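Remarks on the structure that follows.
The values are calculated or read from the model by the stated rules, or taken from the named source; none is laboratory data. Note that the structure is predicted; figures quoted are calculated from it, not measured. FYI the Cβ positions are ideal-geometry reconstructions off the backbone, even for glycines, and counts take in every protein chain you see. The area values use the complete protein model at the heavy-atom level, side chains included, leaving out ligands, DNA and RNA. Shrake-Rupley method; radii C 1.70, N 1.55, O 1.52, S 1.80 Å.
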Amino acid sequence: MSPDLNQPLAPSDRDAILAAVDRGYPAQLAFTQRLVATPSLRGAEGAAQDLMEEQFCELGLEIDRWTLDPEEISRHPAAGAIDVDYSGSEVVVGTHHADDGGRSLILNGHVDVVPTGLPELWERDPFDPAIVDGWLHGRGAGDMKAGLAAIPFALRALRDAGLRPAGRIHVQSVPEEESTGNGTVSTLQHGYHADAVLIPEPVGGDLVRAHLGVIWFKVRLTGRAAHAAEMSSGFNALDGAYALVGALRVLEEKWNSVSAQVPHFEGIEHPFNFNVGTLHGGDWTSSVPDHAEFTLRAGFPPGHDVDSAWAEIQECIDLAVAALPVLQGASVTVTKTGFYADGYVLEPGTAAEAVLAEAFNSTTGRELGARTMLCYIDSRVHGLFDGTPALVFGPECQRMHGADECVSVASLKEVTGAMALFIAQWCGVTPV
């Protein structure tokens with residue numbers, strides 16, 4: 001018999017699922033620690049993907065695993081710029097096949113993590129997944145290995161409660177979320193679609209209503225070297241880089257000056273940030289540097305399409321090169337290096353959001369909150385390029401991308417329970 005998706009989950013099924021989450025939580029934490037202890041920096045995610053594949057196999061999912069193909073990805077309008085080797089970047093998808101009248105679902109998470117930074121700034125090794133005072137530490141613990149690891153354990157809770165999802169489910173572990181979004185883009189190209197998407201990013205137990213757009217680019221300046229004693233006869237490329245950053249700050253302030261008119265960003269101070277991520281130049285302290293290079297991450301409002309944002313950035317740089325005396329004689333090139341992504345707004349009122357809100361309330365007794373995120377999230381790939389409502393909902397995290405990153409153990413348990421109930425209600429369940 002097909003499940004009635006318009007009826008709430010039976011209280012006995014709800015209680016059985018949450019009890020199964022409780023029983024399985026020690027094993028879930030242990031697996032999350034294994035995943036955090038396995039470094040998965042960009043281009044070297046293979047060992048962590050092996051762990052995810054093991055979990056998918058344990059659930060009896062059909063496995064699809066492939067290496068990212070730069071040529072294939074570059075043909076998709078959602079693709080980010082590719083400037084690294086993809087030979088070590090793999091996607092793993094596990095599929096639960098069912099056609100018992102339930103709705104289909106994608107559960108998506110990224111396995112890649114950002115670099116650790118200076119090791120002396122951490123209280124312990126970045127890949128030591130210690131639990132201290134209710135927080136699980138380590139690079140990627142929050143962003144987003146805890147949420148990624150919760151996906152198979154939420155499904156396992158249904159199984160251990162004697163239930164089987166009545167709709168098709170694709171469980172996706174992707175790379176490249178921290179730099180391009182191309183891992184999730186590739187899943188669309190490989191034919192993975194569903195009625196809704198859930199991404200358990202570390203957002204403090206809320207639902208993400210909106211996130212901004214992001215562009216990554218590199219600026220390279222070349223000029224004339226000279227002895228420091230004859231500095232005026234050369235062109236100091238580092239001085240030129242500082243001047244260009246200053247010009248870009250003017251554009252940053254222009255975009256922020258209208259943030260009060262951007263829906264979902266009205267009450268946020270300075271939401272659209274231009275972050276200089278790296279700066280290199282010169283080769284000798286007593287020589288005027290004849291080269292400099294910096295990379296920058298520019299955030300911009302949803303609804304301000306990425307091509308227009310990129311055109312404004314390029315115009316800003318061109319005008320500065322033409323007008324600023326410090327840049328006279330410089331040769332300047334600008335290159336996209338990663339994210340080239342519009343922002344995304346999850347419009348209220350979808351059936352998927354209503355189901356998640358009920359699942360969260362049933363788990364915690366609280367109402368589901370909503371928030372705006374000042375970063376990139378893969379939800380825009382599904383929402384903008386596949387017309388699928390993409391729910392971003394996950395545990396509480398501290399110091400994301402910084403030293404001593406950590407995730408709340410209690411929050412993670414609540415999120416896992418809510419995810420399991422969401423899967424059961426959205427897809428429907430039948431007895432095993």
Exercise for the section: Output the number of the condition that S179 fails; it satisfies all remaining conditions of (1) closer than 29 Å to P348 by Cα; (2) in a loop (DSSP other than H, G, I, E, B); (3) open to solvent by 10 Å² or more (accessible area, probe 1.4 Å). Expected result: (3)
Exercise for the section: Output the residue which, of all residues in the range 78-111 that are open to solvent by 20 Å² or more (accessible area, probe 1.4 Å) and either of a type in the set (A, V, I, L, M) or in a strand (DSSP E or B) (or both), is nearest to P202 (Cα to Cα). Expected result: E90
Practice task
Looking only at the range 320-342, decide whether some residue is closer than 24 Å to I199 by Cα, of a type in the set (G, A, S), in contact (Cβ under 8 Å) with a residue 40 or more places away in the chain and crowded, with 18+ Cβ neighbours inside 10 Å.
Solution key: yes
Exercise for the section: Could you tell me whether G60 is open to solvent by less than 30 Å² (accessible area, probe 1.4 Å), more than 25 Å from V114 (Cα to Cα) and not polar (S, T, N, Q)? Expected result: no
Practice task
For residues that are open to solvent by 20 Å² or more (accessible area, probe 1.4 Å), within 13 Å of P126 (Cα to Cα) and of a type in the set (A, V, I, L, M, F, W, C), tally how many sit in the range 28-57.
Solution key: 2
Exercise for the section: Determine if the range 354-362 includes at least one residue that is open to solvent by 20 Å² or more (accessible area, probe 1.4 Å) and under 30 Å from F274 (Cα atoms). Expected result: no
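The rows are residues; the columns are (1) more than 23 Å from the chain's Cα centre (by Cα); (2) in a strand (DSSP E or B); (3) at pLDDT below 90.
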site	(1), (2), (3)
A210	no, yes, no
S232	yes, no, yes
A241	yes, no, no
A247	yes, no, no
L251	yes, no, no
F265	no, no, no
F272	no, no, no
G277	no, yes, no
E293	yes, yes, no
Exercise for the section: Check F31, F56 and return the single one that is of a type outside the set (K, R) and within 14 Å of Q172 (Cα to Cα). Expected result: F56
Problem - From C406, C397, residue being touching a helix residue (DSSP H, G or I) at 6+ places or on another chain (Cβ under 8 Å) and closer than 26 Å to P263 by Cβ - result: C397
Handout entry: Answer residue from the range 399-425, given it is open to solvent by 10 Å² or more (accessible area, probe 1.4 Å) and of a type in the set (A, V, I, L, M, F, W, C) and is farthest from the chain's Cα centre (by Cα) among those
Key = A410
Exercise for the section: Please verify whether the range 352-374 includes one or more residues that are modelled with pLDDT of 95 or more, outside any strand (DSSP E or B) and under 30 Å from Q314 (Cβ atoms). Expected result: yes
